[in-house]
Amino acid sequence: MANAVTRTPHAQPHARPNPMSYMLGLKCRECGRRYPKEVVFVCEYCFGSVEVDYDYDAIRRSFTKASLAARPKSLWRYRELLPIEGEPTVGLTSGFTPFFRADRLAQALGVKELYIKDDSVSHPTLSFKDRVVSVALTRAKELGFDTVACASTGNLANSVSAHAAKAGLKRYIFTPSDLEMGKVVASLIYQPTLVAVDGTYDEVNRLCAEIGAKYPWAFVNINIRPYYAEGSKTYGYEIAEQLGWRIPQHIVIPAAGGSLITKIAKAFKELALLGFVEGKSPKLYCAQAMGCAPIANTIKERADIVKPVKPNTIAKSLAIGNPADGYYATKAVLGSGGWADSASDDEIIDAMKLLAATEGVFTETAGGVTLAVAKKLIEQGKLPKDESIVVCITGNGLKTQEPLLNRLGQPTRIKPTLASFESNLGDKLSGGPAR
Ligand SMILES: *Cc1c(COP(=O)(O)O)cnc(C)c1O
């Protein structure tokens, strides 16, 4: 029986309470087989992918809305629901990005209640990849890796480069060789070993799987993918929290590998399980570019198998022709009662301009995809005009300037005189003495 004398030798009554880990282990998404919380990413028995499993009963007892109030505004405020064992060590300033009502855009689209979740200003690398990388690198350090790597369409390259620099980890980054200059520079500045592969993302990814089998590196989106992918859940938690723990009726989500869609679905399921939200789960919609729409096509055909495609689109960050989570993303979207569509390059650019001109947000091509598809779904009546809609903006326009060159007009060039100003701007002047 416990008393002051028989206190266990490990008890340290004055030590700072060490947060518990609620991660039980890994579990195959197909056959349910369980694995220890190590470096496992495919089930040895059925080749299904594995995901992290938590002790939700224990989480429910200690993780409450009230406990959140005092926590820092970063993605780590939800740490009980993230796959780490000790304290977070990477990405302490990432997450908790702006969420706001977009009334001018809503008016332009003819809908009543529209919100933007804006990861275009994610710290430090301006895309939602800061979430997955914060979690992946914290876990990689716990697992004892000193070198991290990734196969990337650009944003992941930026984020792994930056976070690994700050964490003092060696970093190898693999991308297709045709990336936008903004994404190349925004990796090189952090001085990783950047490898530009002459091939598609899918070829880069296959090469990385081979390299990963030979070198003892943590490939964030390959061998430690189950941990990495969990970071995306925080995008969903934040939507719910920033909406005052209400559930939006519709969420439009861009897809590359399809992981973000599945994790937003998981986030809302978990919040319901923990009693943080009540009511119907949101309907999820998949947005892809017409030049690379393997998941959107599968959803629209209600097919069971995702057919790989060869990408050809300006939305390079979404250009994954053989999406790792395509099957699960399809199930998540159809299971929620949502739908999907794709957007052409012109529609993507028009949507980027619309978002900037109505809401003052400069998103990259991927954000153009999401908004263009949202607009289509509204026009088709799939997104009801009088229900709440969230549009997921996941990246920053400064990184993908190439497709905008020649599409925005030019500045009016003048001599440094009032006469030149007035003669060149002429009819564009408002409120001046000429009126
Ligand atoms: C990676 C990425 C996505 C999609 O991520 P998946 O989880 O692979 O579907 C969406 N938007 C941007 C800007 C990205 O970089």
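Summary of computed values
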| item | result |
| --- | --- |
| Filter result for Ile239 (buried (at least 20 other Cβ atoms within 10 Å of the Cβ), farther than 16 Å from Ala157 by Cβ and not small (Gly, Ala, Ser)) | yes |
| Inter-residue pairs, beta-carbon under 7 Å, first touching a residue at least 24 places away in the same chain (Cβ under 8 Å) and within 16 Å of the ligand (Cβ to nearest atom) and in region 238-261, second open to solvent by 30 Å² or more (accessible area, probe 1.4 Å) and of a type outside the set (A, V, I, L, M), 6+ apart | Glu238/Phe96; Glu238/Phe99; Ile239/Phe99; Gly258/Tyr328 |
| Qualifying positions in region 155-174 - within 12 Å of the ligand (Cβ to nearest atom) and without any contact (Cβ under 8 Å) to a residue 60 or more places away in the chain | Ala157, Ser159 |
| Condition met for Lys233 (within 16 Å of the ligand (Cβ to nearest atom), within 17 Å of Tyr327 (Cα to Cα) and of a type in the set (Lys, Arg)) | no |
| Per-region count, region 37-61, residues within 25 Å of Gly86 (Cβ to Cβ) and either in a loop (DSSP other than H, G, I, E, B) or among the aliphatic types (A, V, I, L, M) (or both) | 10 |
| Test set (1) surrounded by 17 or more Cβ atoms within 10 Å (Cβ to Cβ); (2) hydrophobic (A, V, I, L, M, F, W, C); (3) within 16 Å of the ligand (Cβ to nearest atom) - Val121 fails condition number | (1) |
| Residues that are within 16 Å of the ligand (Cβ to nearest atom) and among the aliphatic types (A, V, I, L, M), drawn from region 262-289 | Ile264, Ala265, Ala267, Leu284, Ala287, Ala289 |
| In region 126-154, residue farthest from the ligand (Cβ to nearest atom) [restricted to those that are closer than 21 Å to Leu318 by Cβ and open to solvent by 10 Å² or more (accessible area, probe 1.4 Å)] | Leu126 |
| Only listed residue being over 24 Å from Ile224 (Cβ atoms), under 24 Å from the mean Cα position of the chain (by Cα), touching a residue at least 40 places away in the same chain (Cβ under 8 Å) and open to solvent by 10 Å² or more (accessible area, probe 1.4 Å), chosen from Lys112, Lys73, Lys65, Lys37 | Lys65 |
| One residue from Lys316, Lys307 being among the basic types (Lys, Arg) and more than 17 Å from Leu371 (Cα to Cα) | Lys307 |
| Unmet requirement for Lys214, which otherwise passes all of (1) out of contact with any helix residue (DSSP H, G or I) (no Cβ under 9 Å at 6 or more places or on another chain); (2) in contact (Cβ under 8 Å) with a residue 12 or more places away in the chain | (2) |
| Filter pass, Tyr190 being more than 13 Å from the ligand (Cβ to nearest atom) and hydroxyl-bearing (Ser, Thr, Tyr) | yes |
| All helices (runs of 4 or more DSSP H) inside region 317-435 with 2 or more residues being open to solvent by 10 Å² or more (accessible area, probe 1.4 Å), modelled with pLDDT of 95 or more and farther than 23 Å from Ile116 by Cα | 326-336, 418-425 |
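The values are calculated or read from the model by the stated rules, or taken from the named source; none is laboratory data. Everything numeric in this text was worked out from a predicted model, so none of it was measured. Ideal geometry is used to build each Cβ from the backbone, glycine not excepted, and the neighbour counts take in all protein chains shown. Accessible surface areas use protein heavy atoms only, side chains included; no ligands, DNA or RNA. Shrake-Rupley method; radii C 1.70, N 1.55, O 1.52, S 1.80 Å.
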